[in-house]
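Novice: Can you keep this structure in mind? I'll have questions shortly.
The values are calculated or read from the model by the stated rules, or taken from the named source; none is laboratory data. None of these values were measured; they are calculated from a predicted model. We place every Cβ from the backbone using ideal geometry, glycine too, and count neighbours over all the protein chains shown. Only protein heavy atoms, including side chains, enter the accessible area calculation; ligands, DNA and RNA are left aside. Shrake-Rupley method; radii C 1.70, N 1.55, O 1.52, S 1.80 Å.
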Amino acid sequence: MDEITFEKDHILEGAVTPLLVWYRGAKRDLPWRHTRDPYCILVSEIMLQQTRVEAVKAYYLRFLQQFPTAEALAAAEEGEVLKAWEGLGYYTRARNLHRAAKQIAAQGFPRTPREIRALPGVGDYTAGAIASIAFDLPCPAVDGNVLRILTRLLADGSNIDDAATKKLFAERLRRVYPQASGEFCQALMELGALVCLPNGAPLCTGCPWEGICLAHATGREAQFPVRAEKRARKIEQLNVFVLEHEGKFALEQRPAQGLLAGLWQFPLRAGGDPAALGEVIAQRRAKHIFTHIEWHMTGYLIRAAACSDDFVWAEAAQIKAHYALPAAFKAFMPWLDRQHISK
Ligand code: SF4
């Protein structure tokens, strides 16, 4: 081990106890922190991938009420699972969770990090989080959040978008993991969420690492983490046709592969003349941002002359109860209410 590695390990080692002490006093009361049930932890971790804690809370509680065990989830129809996930986005997560539940229902919950990692939809980070939170295994969970706080603590200029950096920090963490693995894992996440905030705006006063953090000591908090330049998102201009005929609305299913695979939507086209489809009653613009694509949508509420066979037609209540529509169409959902139609 070279001198710099030794010094960084030494700082990390010294960071463990103050972090745990801070966490025990400052942690938020989140619903998934009341359980060690690995299935519940799995559900929370999958939901938390790419979604904010505040948005996940209500979904988590509702989802577990509907599917309290892996067996209950395994027995559900895919449509039910997608409906319960409606609005959370990244629906592949819901399908993977459903597949994972079937595997767990058949074989029991896996016990080793390697077996947990083999569940559908579970990557290194999620496997580490489940192994440490549910089973107290010294298995680091390293994501962008954790890399941000650690690269600041160590004033480390490694590019955090590089997979090798993630590996390096996972190794460093593994060497200092305390026995309270689950708490430590959550404490790292919590520090990133509450104190060592992104966009160069950490709240160093009150941080348990204020006295040992190398970035803070040299006033360079904003220089870390170092990231690769982001690719610009592709912008797609789209028309959303909310077609209504005698209280029913046209829906179509997205292709089985790709973005929002298999979900339902209002007819969505790259072009098309709304007036050719019927009487245009209202118009509205909306934007939805995915990881690599932005949809710039113009929505048209249209009174159609008949129910075309090209679509599935359903009443508003049926749509709300049975069809999983992605959050991308949220701006157009109020059109399902009667007062818009009668205008
Ligand atoms: S002292 Fe500031 S920069 Fe360093 S870890 Fe704490 S909040 Fe982040």
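Novice: Could you please find all residues in the stretch 110-124 being closer than 16 Å to R93 by Cα and either free of Cβ contacts under 8 Å to residues at least 40 places away in the same chain or more than 18 Å from the chain's Cα centre (by Cα) (or both)?
Specialist: I116, R117, A118, P120, G123 - these are the residues of the stretch 110-124 that are closer than 16 Å to R93 by Cα and either free of Cβ contacts under 8 Å to residues at least 40 places away in the same chain or more than 18 Å from the chain's Cα centre (by Cα) (or both).
Novice: Do you know which residues across the stretch 284-317 are within 15 Å of F332 (Cα to Cα) and of a type in the set (S, T, N, Q)?
Specialist: Of everything in the stretch 284-317, just one residue is within 15 Å of F332 (Cα to Cα) and of a type in the set (S, T, N, Q), namely T298.
Novice: Does R148 fit the bill of being assigned by TED's automatic domain parsing to the domain that holds L48 and open to solvent by 40 Å² or more (accessible area, probe 1.4 Å)?
Specialist: It is false that R148 is assigned by TED's automatic domain parsing to the domain that holds L48 and open to solvent by 40 Å² or more (accessible area, probe 1.4 Å).
Each row is one residue, and each column tells you yes or no for (1) open to solvent by less than 10 Å² (accessible area, probe 1.4 Å); (2) not in a helix (DSSP H, G or I).
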position: F63; (1), (2): yes, no
position: L73; (1), (2): yes, no
position: G79; (1), (2): no, no
position: K83; (1), (2): no, no
position: G87; (1), (2): no, yes
position: A94; (1), (2): yes, no
position: A100; (1), (2): yes, no
position: Q103; (1), (2): no, no
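Novice: Could I ask something else about it? Quick check on my filter: what residues within the stretch 189-202 are near the ligand (Cβ under 6 Å from one of its atoms) and either part of a helix (DSSP H, G or I) or surrounded by fewer than 22 Cβ atoms within 10 Å (Cβ to Cβ) (or both)?
Specialist: V195, the sole residue that qualifies.
Novice: Then there is this: Can you tell me which residue is modelled with the highest pLDDT among those in the stretch 105-144 that are polar (S, T, N, Q) and open to solvent by 40 Å² or more (accessible area, probe 1.4 Å)?
Specialist: Among residues in the stretch 105-144 that are polar (S, T, N, Q) and open to solvent by 40 Å² or more (accessible area, probe 1.4 Å), the one modelled with the highest pLDDT is Q107.
Novice: Across the stretch 36-56, what is the total count of residues that are in contact with a helix residue (DSSP H, G or I) (Cβ under 6 Å, 6 or more places away or on another chain) and among the basic types (K, R)?
Specialist: 1
Novice: While we're on this one: From (1) away from the ligand (no atom under 13 Å from the Cβ); (2) crowded, with 16+ Cβ neighbours inside 10 Å; (3) more than 30 Å from R117 (Cβ to Cβ); (4) not polar (S, T, N, Q), pick out the condition that doesn't hold for C207.
Specialist: C207 satisfies every listed condition except (1).
Novice: Quick check on this structure: which one of Q265, Q283 is loosely packed, with under 12 Cβ neighbours inside 10 Å and farther than 15 Å from E236 by Cα?
Specialist: Q283
Novice: For the stretch 142-171, give me each residue that is more than 15 Å from the ligand (Cβ to nearest atom) and part of a helix (DSSP H, G or I).
Specialist: The answer is A163, A164, T165, K166, K167, L168, A170, E171.
Novice: Count, please, the residues in the stretch 210-221 that happen to be open to solvent by less than 30 Å² (accessible area, probe 1.4 Å) and assigned to a loop (DSSP other than H, G, I, E, B).
Specialist: Matching residues across the stretch 210-221 total 1.
Here's the yes/no breakdown for (1) touching a helix residue (DSSP H, G or I) at 6+ places or on another chain (Cβ under 8 Å); (2) basic (K, R); (3) more than 30 Å from R148 (Cβ to Cβ); (4) crowded, with 18+ Cβ neighbours inside 10 Å:
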position: Q223; (1), (2), (3), (4): yes, no, no, no
position: K234; (1), (2), (3), (4): no, yes, no, no
position: G247; (1), (2), (3), (4): yes, no, yes, no
position: A275; (1), (2), (3), (4): no, no, yes, no
position: S308; (1), (2), (3), (4): no, no, yes, no
